1. Based on the Cβ-Cβ distance of Asp124 and Ile311, what FRET efficiency does E = 1/(1 + (r/R0)^6) give at R0 = 30 Å, to the nearest 0.05?
2. For region 97-210, which whole-number percentage of the solvent-accessible area (1.4 Å probe, protein heavy atoms only) is attributable to carbon and sulfur atoms?
3. For the chain, modelled as a GNM with alpha-carbon contacts under 10 angstrom, which of Arg194, Arg277, Arg292 fluctuates the most?
4. log10 I(q)/I(0), Debye, Cα-only region 160-235, no solvent, q = 0.11, 0.18 Å⁻¹?
5. Using per-residue counts of other Cβ atoms within 10 Å, averaged over each peptide, order 312-318, 282-288 from highest down.
6. Sequence gap at least 6, Cα distance under 8 Å: using those rules, report the relative contact order of the chain to the nearest whole percent.
7. If r is the Cβ-Cβ distance from Ile185 to Asn208 and R0 is 22 Å, what FRET efficiency results, to the nearest 0.05?
8. Only helices at least 18 Å long along their axis, Cα-based, and averaging 1.0 or more on Kyte-Doolittle count here, so list those DSSP H runs from the chain.
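The values are calculated or read from the model by the stated rules, or taken from the named source; none is laboratory data. Since the model is a prediction, treat every value here as computed from it, not as a measurement. Methodologically, a virtual Cβ is constructed for each residue, glycine included, from the backbone with ideal geometry; neighbour enumeration extends over all protein chains shown. Surface accessibility is based on the protein's heavy atoms, side chains included, excluding ligands, DNA and RNA. Shrake-Rupley method; radii C 1.70, N 1.55, O 1.52, S 1.80 Å.
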Amino acid sequence: MSRNLQYDAIIAGAGIIGASIAWHAARKGLKIAIIDASGPAAAASGASDGAVSVATKRPGVMASLARASLSYCADLAEQAQVLNGVFHTRPSYLFARIDAEAEALDRLTAMLTDQGLPVDVMRDGVAEKSSVPGLGESVARVLELSGEGHMLGYEATRAFLEESGAEGHWPCRLDAFEATKDGVILHTSTGEMRADRFVLATGMGTTNLLPDLPLMARSGQLIITDRAVGNDWPDLPGPLTSAAYLLDKTAQALPETLAPVVIDPLATGQLLIGSSREGGGTEEQTDFHMARRILISGVASLPALARRRVIRVFAGVRTATGDGFPIVGELPDMPNVFLATGFEGDGIGLAPLIGREVAGMLTGEGAMAEVNALSPMRFTRQKVASQ
Ligand SMILES: Cc1cc2nc3c(=O)[nH]c(=O)nc-3n(C[C@H](O)[C@H](O)[C@H](O)COP(=O)(O)OP(=O)(O)OC[C@H]3O[C@@H](n4cnc5c(N)ncnc54)[C@H](O)[C@@H]3O)c2cc1C
């Protein structure tokens with residue numbers, strides 16, 4: 001069946017990136033449709049931690065984008081209201097149990113001072129253990145940061161979609177697309193769709209559509225507990241992250257006794273505990289060995305965790321790129337086809353800013369220099385240079 005629908009832009013992928021683009025583009029007056037093979041936040045955006053972090057970003061373009069997005073998140077919560085009740089700022093705590101972790105905290109503190117990021121070290125040291133109740137004996141040092149944010153990927157995705165007024169189509173899988181002089185034609189599992197412009201925000205699904213792009217899966221294990229009942233649970237003021245998480249991000253091999261742990265107290269009273277970083281993996285594969293390592297490290301850092309009941313263990317899959325930067329911009333050989341993928345572990349925090357900037361590309365207003373640096377052109381140039 002051919003539906004021959006006509007839109008200013010169609011977005012494929014209703015994760016947080018596609019949803020944010022839809023909201024921003026609709027605000028600019030574009031008629032938008034958004035399609036998804038499964039449904040909103042069906043992939044990484046529904047299986048992730050919710051850190052809107054600047055402190056854990058690489059200095060340079062990524063830290064600069066994270067900083068701009070953090071401040072823009074606050075605008076979207078307070079002024080535009082779309083993220084009201086979804087985005088929050090709150091203190092976060094990093095802790096070290098062994099020397100290598102303490103050194104990672106030293107490097108982080110030095111980096112924050114050098115870069116002048118909007119994140120403050122409020123307290124640092126052994127005595128600061130008292131700022132987080134219930135820490136285990138093995139925790140040697142705690143660093144308290146203020147100025148960072150938090151939002152759950154699926155809540156932000158839902159908020160952007162609900163407020164966008166965009167036409168949602170799911171389940172509707174994109175099988176192929178072609179750019180013509182009259183616009184873009186999409187071949188989907190429910191028929192043909194047409195638009196002037198098209199954005200591919202399909203996360204790992206992009207590998208089937210553009211197999212030459214250097215994209216790879218990097219999965220992570222997540223654990224959800226029951227809600228805390230009674231008053232024997234230490235009231236965590238914010239997420240508690242092991243410095244091993246920082247080491248893991250820089251691909252340092254961790255000893256078996258150490259795991260990347262983020263213990264995140266949710267508004268529901270549950271804990272979201274994450275998340276590792278394995279090469280490969282799919283959403284259908286849970287790595288119980290890694291989940292067990294995360295829980296053992298978690299209990300060593302916060303012994304009361306042993307009294308909570310785990311109700312779900314699941315895996316999320318980050319879409320990583322060969323050079324570690326997301327891919328955002330118009331495809332060199334396909335006018336009017338834009339790409340927004342490869343956000344690896346940064347997509348929740350960057351989505352508000354990326355949505356705004358891609359919407360600017362769709363209307364022809366253009367984007368900020370740091371986003372232009374993420375253009376897919378960089379792979380074409382590499383190809384030409386190596387020929
Ligand atoms: C364990 C884990 C922890 C994380 N923690 C953080 C964190 O603390 N902070 C942070 O900023 N980021 C974090 N991330 C990263 C973040 O979740 C991702 O970068 C972000 O969700 C990517 O969003 P996306 O919209 O690009 O992709 P996705 O959420 O993967 O969405 C892609 C969508 O495209 C759809 N799709 C795919 N193929 C097709 C097709 N052919 N046709 C139609 N639809 C299709 C899928 O169904 C899916 O809904 C984490 C990720 C993981 C896995």
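1. 0.30
2. 46 percent
3. With Cα springs under 10 Å in the chain, the top fluctuation among Arg194, Arg277, Arg292 is at Arg292.
4. Here log10 of I(q) over I(0) equals -0.52, -0.92.
5. Descending mean neighbour count gives 312-318, 282-288.
6. With pairs under 8 Å counted, the relative contact order is 24 percent.
7. Efficiency, rounded to the nearest 0.05: 0.80.
8. Membrane-span-like by this rule: 347-363.
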